[in-house]
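*Asks:* One structure is given below, represented as structure tokens, and several questions about it will come after.
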Amino acid sequence: MIRLHNSKTRRKEEFRPIDPANVRLYLCGPTVYDRAHLGNARPVVVIDVLYRLLRLTYGAEHVTYVRNFTDVDDKINATALARKEAGAAGTLEELIRARTEETIGWYHADMDALGALRPSHEPRATDFIGAMIAMIGDLIAKGHAYEKDGHVLFRVRSYQNYGALSGRSVDDMIAGARVEVAPFKEDPMDFVLWKPSDADLPGWESPWGRGRPGWHIECSAMSYELLGASFDIHAGGIDLQFPHHENEIAQSCCAHPEGGFANIWLHNEMLQVEGKKMSKSLGNFFTVRDLLDQGIPGEVIRFVFLQTHYGKPMDWTAEKAAQAEATLRKWRALVAGIDPAPSAAPAVIAALSDDLNTAGAIAALHQLTDLAELKASAALLGLLEDGLGDWAAAPQADLSGLAEKLAGLRAKAMETKDFAPVDAMKAALVAAGVEVRMSKAGVELLPGAGFDATKLEGL
Ligand SMILES: Nc1ncnc2c1ncn2[C@@H]1O[C@H](COP(=O)(O)OP(=O)(O)OP(=O)(O)O)[C@@H](O)[C@H]1O
Ligand SMILES: [Zn+2]
């Protein structure tokens, strides 16, 4: 039996699917205007493990996983506009299309490298504009939305349960959030469902004039079209709980009172940098591609994520990556050429079934002595799979010659008192991703995650 922490009830609950023959899961996907940063990858890896566990439990063909692409957004428009102003050829629409296509390609490559299975459906917002317009029209007809000056707004006070997910009252939210006060709003809490587009912005004809949808309605419309008015699990980062998820609930429950929208809300905590959320707006980010380009295997990134429970904030550190790499190298050597056992170890399944206790599952992997079982169990975490490449099979560099040379330089520096050559060589080794350990006993060089042998040439 699977138990999951439901943000809506703030409790760990038994997971009982609405229909075990069609278990339905939705994850808010990326806005495709730039490379995914490492934080953006965390929900993808977490939900990939959940997806694997659900497939194991209910059968692969009985789980539907939807993750959208937000390909209509002002950030995308701004990127395309900047390119046009810089002299890029093509219309703004063509530039937007090129940008989103390119970004979706990067996203797929990066998430594939992390061993994340592709979802069952990856709807693009621009393919569901008609469904959004229909839903907005329905909300207006039911008195939950109104049109003003080409804008359509959701009337927050018309939905009694607004704020239930994040546990805040509307008045607290107004006090705490920076809500935009605009002349076209009846109430500052009201949020945009539809907004007008100038001639030089992407737009679609609608009963309210040419315009484009707001971000929140995209997820409500796409989840309804692909999963229905009630589905099992809605996931995303905790940063989306308010206002995005609160708004999704308001829209979906008011448009489809016959359904319950999502039964379970699963929120992952943030990947942090020095105590702050990694984010584009703070500029404290690096991309998944940056790490891959440094030679850190996607499997190592995945392993580092899975060592922390999804409900806890975490940091990325080079030390965690080095340890993950060492463990994976050891395991990959052990299971090479071994066929996986028919099923994963009960201890691993039990840990994952307990609110995705991935750290517990990894601890259980360490205990396994049957290598066929190790391989089968690791696969449930998306680890040690053949598709992730044989990065660990490449021989590790022999750094003994360089260690000897550095020891020699140090011995000489002791006499001459000129340590500059020692420091220069150490700096070059560190720049190549080598950890340098110098003690009385001698010099030890350890290639770390991100080790780049080409940078050692000339040393
Ligand atoms: N630091 C983080 N740690 C974990 N998940 C994150 C982090 N930052 C964003 N996410 C998640 O990434 C997914 C994509 O989010 P979105 O497209 O809004 O990101 P973004 O706007 O590019 O990011 P940012 O928040 O950096 O501006 C969401 O599920 C969001 O919760
Ligand atoms: Zn969403």
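The values are calculated or read from the model by the stated rules, or taken from the named source; none is laboratory data. A quick note: this is a predicted structure, and the numbers were derived from the prediction, not measured. Cβ atoms come from the backbone with ideal geometry, glycine included; neighbour counts cover every protein chain shown.
*Asks:* Would you confirm whether any residue within the range 260-283 is assigned by TED's automatic domain parsing to the domain that holds residue 164, more than 16 Å from ligand 1 (Cβ to nearest atom) and touching a His at 6+ places or on another chain (Cβ under 7 Å)?
*Replies:* Looking for residues that are assigned by TED's automatic domain parsing to the domain that holds residue 164, more than 16 Å from ligand 1 (Cβ to nearest atom) and touching a His at 6+ places or on another chain (Cβ under 7 Å), one finds none in the range 260-283, hence no.
*Asks:* Shifting gears a bit: Just to check your reading of the model, which residue among 228, 237 is within 22 Å of residue 51 (Cα to Cα), in contact with a strand residue (DSSP E or B) (Cβ under 8 Å, 6 or more places away or on another chain) and within 16 Å of ligand 1 (Cβ to nearest atom)? Spell out the reasoning first.
*Replies:* Values: 228 fails: within 16 Å of ligand 1 (Cβ to nearest atom).
Only one candidate passes the filter, namely 237.
*Asks:* Return yes or no: is residue 150 in contact (Cβ under 8 Å) with a residue 60 or more places away in the chain, in the same structural domain as residue 186 (by TED's automatic domain parsing) and more than 16 Å from ligand 2 (Cβ to nearest atom)? Walk me through how you get there before you give the answer.
*Replies:* Numbers: in contact (Cβ under 8 Å) with a residue 60 or more places away in the chain: yes; in the same structural domain as residue 186 (by TED's automatic domain parsing): yes; more than 16 Å from ligand 2 (Cβ to nearest atom): yes.
Yes.
*Asks:* So how many residues does the range 187-215 have that are closer than 21 Å to residue 252 by Cα and of a type outside the set (Gly, Ala, Ser)?
*Replies:* Number of matching residues: 14.
*Asks:* Keeping to the range 57-80, report how many residues are within 16 Å of ligand 2 (Cβ to nearest atom), modelled with pLDDT of 95 or more and part of a helix (DSSP H, G or I).
*Replies:* 0
*Asks:* Hey, does the range 218-225 have a residue that's modelled with pLDDT of 95 or more, of a type in the set (A, V, I, L, M, F, W, C) and either under 19 Å from residue 159 (Cα atoms) or not assigned by TED's automatic domain parsing to the domain that holds residue 70 (or both)? I'd like the intermediate steps shown before the answer.
*Replies:* In the first step, residues of the range 218-225 are kept if they are modelled with pLDDT of 95 or more; the result is 218-225.
Next, only the ones that are of a type in the set (A, V, I, L, M, F, W, C) stay: 219, 221-222.
Remaining after also requiring either under 19 Å from residue 159 (Cα atoms) or not assigned by TED's automatic domain parsing to the domain that holds residue 70 (or both): 219, 221.
Yes: the range 218-225 contains one or more residues that are modelled with pLDDT of 95 or more, of a type in the set (A, V, I, L, M, F, W, C) and either under 19 Å from residue 159 (Cα atoms) or not assigned by TED's automatic domain parsing to the domain that holds residue 70 (or both).
*Asks:* Determine if the range 16-33 includes at least one residue that is part of a strand (DSSP E or B) and surrounded by fewer than 21 Cβ atoms within 10 Å (Cβ to Cβ). So that I can check it myself, show each step before the final result.
*Replies:* Step one: list which residues in the range 16-33 are part of a strand (DSSP E or B), which gives 23-27, 31.
Imposing the further condition that a residue be surrounded by fewer than 21 Cβ atoms within 10 Å (Cβ to Cβ) reduces the set to none.
No, the range 16-33 contains no residue that is part of a strand (DSSP E or B) and surrounded by fewer than 21 Cβ atoms within 10 Å (Cβ to Cβ).
*Asks:* In the range 415-432, what residues are in contact with a helix residue (DSSP H, G or I) (Cβ under 9 Å, 6 or more places away or on another chain), more than 18 Å from residue 447 (Cα to Cα) and part of a loop (DSSP other than H, G, I, E, B)?
*Replies:* 418, 419
*Asks:* From the list 422, 434, exactly one residue is aliphatic (A, V, I, L, M), in contact with a Phe, Trp or Tyr (Cβ under 7 Å, 6 or more places away or on another chain) and at negative phi. Which is it?
*Replies:* On the way: 422 fails: in contact with a Phe, Trp or Tyr (Cβ under 7 Å, 6 or more places away or on another chain).
Exactly one residue qualifies, and that residue is 434.
*Asks:* Would you call residue 311 farther than 25 Å from residue 158 by Cα, surrounded by fewer than 23 Cβ atoms within 10 Å (Cβ to Cβ), within 13 Å of ligand 2 (Cβ to nearest atom) and not polar (S, T, N, Q)?
*Replies:* On the way: farther than 25 Å from residue 158 by Cα: yes; surrounded by fewer than 23 Cβ atoms within 10 Å (Cβ to Cβ): yes; within 13 Å of ligand 2 (Cβ to nearest atom): no; not polar (S, T, N, Q): yes.
When the stated conditions are applied, residue 311 does not pass them.
*Asks:* Mind listing whichever residues of the range 18-45 are out of contact with any Lys or Arg (no Cβ under 8 Å at 6 or more places or on another chain) and more than 9 Å from ligand 1 (Cβ to nearest atom)?
*Replies:* Those that are out of contact with any Lys or Arg (no Cβ under 8 Å at 6 or more places or on another chain) and more than 9 Å from ligand 1 (Cβ to nearest atom): 19, 20, 21, 22, 23, 24, 25.
*Asks:* Restricting attention to the range 229-278, and to residues there that are of a type in the set (Asp, Glu) and buried (at least 20 other Cβ atoms within 10 Å of the Cβ), which single residue is nearest to ligand 2 (Cβ to nearest atom)? Even if it seems obvious, please write down each step before you answer.
*Replies:* Quick first cut of the range 229-278, residues of a type in the set (Asp, Glu) only: 232, 239, 246, 248, 258, 269, 274.
Subset that is buried (at least 20 other Cβ atoms within 10 Å of the Cβ): 232, 246, 248.
Values: 232: 16, 246: 11, 248: 6 Å.
Selected residue: 248.
*Asks:* Looking only at the range 81-96, decide whether some residue is touching a strand residue (DSSP E or B) at 6+ places or on another chain (Cβ under 8 Å), of a type in the set (Lys, Arg) and assigned to a helix (DSSP H, G or I). Quick ask: steps written out before the conclusion?
*Replies:* So the first thing to find is which residues in the range 81-96 are touching a strand residue (DSSP E or B) at 6+ places or on another chain (Cβ under 8 Å), and the list is none.
Among the residues of the range 81-96, not one is touching a strand residue (DSSP E or B) at 6+ places or on another chain (Cβ under 8 Å), of a type in the set (Lys, Arg) and assigned to a helix (DSSP H, G or I), which makes the answer no.
*Asks:* If you don't mind, there's one more thing I want to ask. Given the condition in the same structural domain as residue 227 (by TED's automatic domain parsing) and in a loop (DSSP other than H, G, I, E, B), answer yes or no: does some residue in the range 288-295 qualify?
*Replies:* No, the conditions are met nowhere in the range 288-295.
*Asks:* Name the residue, out of 187, 149, that is at pLDDT below 95, surrounded by fewer than 18 Cβ atoms within 10 Å (Cβ to Cβ) and at positive phi.
*Replies:* Working: 187 fails: at positive phi.
It is 149.
*Asks:* Can you name the condition, by its number, that residue 408 falls short on among (1) touching a helix residue (DSSP H, G or I) at 6+ places or on another chain (Cβ under 7 Å); (2) modelled with pLDDT of 85 or more?
*Replies:* Unmet condition: (1).
*Asks:* Same structure again: What's the number of the condition residue 108 fails, among (1) surrounded by 14 or more Cβ atoms within 10 Å (Cβ to Cβ); (2) closer than 30 Å to residue 383 by Cα?
*Replies:* (1)
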